[in-house]
1. Can you bin the stretch 54-109 into rounded, prolate or oblate? Criterion: square roots of the alpha carbon gyration tensor eigenvalues sorted a ≥ b ≥ c, rounded for a/c under 1.5, prolate for a/b above b/c, oblate for the rest.
2. Once the Cα atoms of helix 90-107 and of the chain are each reduced to a long axis, what angle between those two axes, in degrees from 0 to 90 to the nearest 10, is obtained?
3. Show that you can apply the helix-only estimate: for the chain, add -39,500 (n - 2.57) for every DSSP H stretch of four or more residues, divide by all residues, and state [θ] at 222 nm to the nearest 500.
4. Packing-wise, with mean Cβ within 10 Å as the measure, how do 77-83, 67-73, 46-52 rank, highest first?
5. Angle check, please: helix 110-119 long axis (alpha carbons) against the longest principal axis of the chain (alpha carbons), in degrees 0 to 90, nearest 10.
6. Go through (1) 55; (2) 52; (3) 65 and flag the label whose value is the computed percent of Cα pairs over 17 Å apart for this structure.
7. How big is the charge dipole of the chain about its Cα centre, in debye rounded to the nearest 20, if each Lys and Arg gets +1 on its Cβ and each Asp and Glu gets -1 on its Cβ?
8. From the phi angles alone, apply the Karplus equation (6.51, -1.76, 1.60; θ = phi - 60°) to the stretch 17-34 and give each ³J(HN,Hα) in whole Hz, x where the residue is Gly or Pro.
Amino acid sequence: MSAVDRLRGICLALPEASEKVSHGEPTWFVRKVFVSLSDHHHDDRVGFWCAAPPGVQEELVAADPVRFFRPPYVGHRGWLGVYLDVPLSEEDWTEIGGIVRDAYLCVAPKKLAAQVRDSGA
């Protein structure tokens, strides 16, 4: 399974998440965008951009700039960039699942966010 397919599965497993093409890239919505693929669109890297809770972008980029970055256009709003073109372990994918869940929780309507929080997903 490709990294993009794996990311897609994580995103679409969340309640009422949908996929559409936006700006030429697969993008996942829960009424608003919570994750957007970046496949060589702005540089020569493959990754994704996602909503993130306050302070997370700075923390992760400082801790591991090989895997995380401040994306253009939305980075100033705290969005996080995650590279997918680096070797990723199962532990990394578990972390990506948490990052995507947090992105979803940042933008999901309260009822859907509560459903995810209550399920422990």
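Each reported figure results from applying straightforward, stated rules to the coordinates on display, with no laboratory input. This one's a predicted model, so the numbers in the text were calculated from it and none came from an experiment. Every residue, glycine among them, receives a Cβ derived from its backbone with ideal geometry; neighbour counts consider all protein chains shown.
1. Numbers: a/c = 1.93, a/b = 1.18, b/c = 1.63.
Oblate is the answer for the stretch 54-109, as a/c is 1.5 or above yet b/c matches or exceeds a/b.
2. Relative to the chain, helix 90-107 is tipped by roughly 60 degrees.
3. Details: 4 runs with 46 residues, N = 121.
Dividing the helical sum by the residues of the chain leaves -11500 deg cm²/dmol.
4. Values: 77-83: 20.4, 67-73: 17.9, 46-52: 24.7.
So the order, starting with the most tightly packed, is 46-52, 77-83, 67-73.
5. 80
6. (2)
7. On the way: 13 positive and 17 negative charges, 138 e Å.
For the chain, the charge dipole is close to 660 debye.
8. Each residue's phi maps through the Karplus curve to give 6, 9, 10, 9, 8, 9, 6, x, 10, x, 9, 10, 10, 10, 6, 10, 5, 10 Hz.
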